[in-house]
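Q: Okay, handing you the structure first.
The values are calculated or read from the model by the stated rules, or taken from the named source; none is laboratory data. Quick caveat, the model's predicted, so the values are computed rather than measured. When we count neighbours, we look across all protein chains shown, and the Cβ atoms used for this are built from the backbone with ideal geometry, even at glycine.
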Amino acid sequence: KNQVEQSPQSLIILEGKNCTLQCNYTVSPFSNLRWYKQDTGRGPVSLTIMTFSENTKSNGRYTATLDADTKQSSLHITASQLSDSASYICVVSDNTDKLIFGTGTRLQVFP
Amino acid sequence: AAGVIQSPRHLIKEKRETATLKCYPIPRHDTVYWYQQGPGQDPQFLISFYEKMQSDKGSIPDRFSAQQFSDYHSELNMSSLELGDSALYFCASSQGRGGPLYEQYFGPGTRLTVT
């Protein structure tokens, strides 16, 4: 069964600190992996998208890594800001139209 | 930049009623996807359309139907509503189908409440 699991489920950090979110997937065949940021009650917003040949991709303070061999990905947030408080969702595509969403990590950044 | 537009943003219906949700994709996007996100749950793929034809189908109940029109907007029709249909319904659009090059841009969602 195609699954995407994320850890931790929730995370609290202080403003200015760094953090890393983890994603493990069992999706096959694998096409690409995306990280989305979702504010409560809003649509997900794409942060990064990587194919199997890409190991790392950055978008401002967000850096995603991908290890297609171990089927693991991470999202590193540098110098966190209050506005980073949101759910971060790892999403994997299996070469069809539908995206397989992970369980999400709820990040809270406190001043 | 133009984004995906969904209407209405909020909708309250009673059990057994019908509801129609609308999605207007980003200009020049030809693919539309519908997702359902229950409270505290991951978005679940319902159905997608490419060039006005259904291209993929997920966990969409038989009570729901959808179509994409000539102007590429899409409508999700939901009949015999049940309490469990209460959720946030997202529409996403892309230029082309699937694959790493075709980013899905999500709309703000329609919150449907069934009482």
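Q: Does region A:71-88 include one or more residues that are within 13 Å of chain B (Cβ to nearest Cβ) and part of a loop (DSSP other than H, G, I, E, B)?
A: From region A:71-88, those within 13 Å of chain B (Cβ to nearest Cβ) are A:87-88; that's our starting set.
Now narrow it down to the ones that are part of a loop (DSSP other than H, G, I, E, B): none.
Looking for residues that are within 13 Å of chain B (Cβ to nearest Cβ) and part of a loop (DSSP other than H, G, I, E, B), one finds none in region A:71-88, hence no.
Q: Also, quick follow-up: Filter region B:87-109 down to residues that are modelled with pLDDT of 80 or more and more than 8 Å from chain A (Cβ to nearest Cβ) and give me whichever is surrounded by the fewest Cβ atoms within 10 Å (Cβ to Cβ).
A: Looking only at region B:87-109, we keep the residues that are modelled with pLDDT of 80 or more, and these are B:87-95, B:104-109.
From what's left, more than 8 Å from chain A (Cβ to nearest Cβ): B:87, B:89, B:91, B:93-95.
Values: B:ALA87: 20, B:TYR89: 24, B:CYS91: 30, B:SER93: 29, B:SER94: 23, B:GLN95: 15.
Residue satisfying both the conditions and the ranking: B:GLN95.
Q: Turning to a different aspect of this structure: What number goes with the only condition from (1) in contact (Cβ under 8 Å) with a residue 40 or more places away in the chain; (2) within 14 Å of another protein chain (Cβ to nearest Cβ); (3) surrounded by 21 or more Cβ atoms within 10 Å (Cβ to Cβ) that A:LEU66 does not pass?
A: Here A:LEU66 clears every test but (1).
Q: Is it the case that B:SER74 is closer than 20 Å to B:ALA2 by Cα, out of contact with any Lys or Arg (no Cβ under 7 Å at 6 or more places or on another chain) and of a type in the set (S, T, N, Q)?
A: Numbers: closer than 20 Å to B:ALA2 by Cα: yes; out of contact with any Lys or Arg (no Cβ under 7 Å at 6 or more places or on another chain): yes; of a type in the set (S, T, N, Q): yes.
Considered against the rule, which asks whether it is closer than 20 Å to B:ALA2 by Cα, out of contact with any Lys or Arg (no Cβ under 7 Å at 6 or more places or on another chain) and of a type in the set (S, T, N, Q), B:SER74 comes out as yes.
Q: Would you check which residues across region A:32-41 are surrounded by fewer than 16 Cβ atoms within 10 Å (Cβ to Cβ) and at the interface with chain B (Cβ under 8 Å from one of its Cβ atoms) and list them?
A: Start the filter on region A:32-41 by keeping residues that are surrounded by fewer than 16 Cβ atoms within 10 Å (Cβ to Cβ), which leaves A:39-41.
The answer is A:GLY41, and nothing else.
Q: Looking at the structure I just gave you, is B:ILE26 at pLDDT below 95, more than 16 Å from B:PRO108 (Cα to Cα) and surrounded by 17 or more Cβ atoms within 10 Å (Cβ to Cβ)? Write out each step before concluding.
A: Values: at pLDDT below 95: yes; more than 16 Å from B:PRO108 (Cα to Cα): no; surrounded by 17 or more Cβ atoms within 10 Å (Cβ to Cβ): yes.
So B:ILE26 fails the test.
Q: Taking region B:4-57 only, how many residues are of a type in the set (Asp, Glu) and more than 9 Å from chain A (Cβ to nearest Cβ)? Before the answer, list the steps.
A: If we filter region B:4-57 for residues that are of a type in the set (Asp, Glu), which is where we start, we get B:14, B:17, B:30, B:42, B:51, B:56.
Okay, now just the ones that are also more than 9 Å from chain A (Cβ to nearest Cβ), so B:14, B:17, B:30, B:51.
Number of matching residues: 4.
Q: Still on this model: Applying the selection to region B:10-23, what residues are over 16 Å from B:GLN67 (Cβ atoms) and either surrounded by 13 or more Cβ atoms within 10 Å (Cβ to Cβ) or out of contact with any Lys or Arg (no Cβ under 7 Å at 6 or more places or on another chain) (or both)?
A: Going through region B:10-23, the residues over 16 Å from B:GLN67 (Cβ atoms) turn out to be B:10-17.
Selection gives B:LEU11, B:ILE12, B:LYS13, B:GLU14, B:LYS15, B:ARG16, B:GLU17.
Q: May I ask you to list the residues in region A:89-111 that are within 14 Å of chain B (Cβ to nearest Cβ) and touching a Leu at 6+ places or on another chain (Cβ under 8 Å)?
A: Once the filter is applied, which keeps residues that are within 14 Å of chain B (Cβ to nearest Cβ) and touching a Leu at 6+ places or on another chain (Cβ under 8 Å), region A:89-111 yields A:CYS90, A:VAL91, A:VAL92, A:SER93, A:THR105, A:ARG106.
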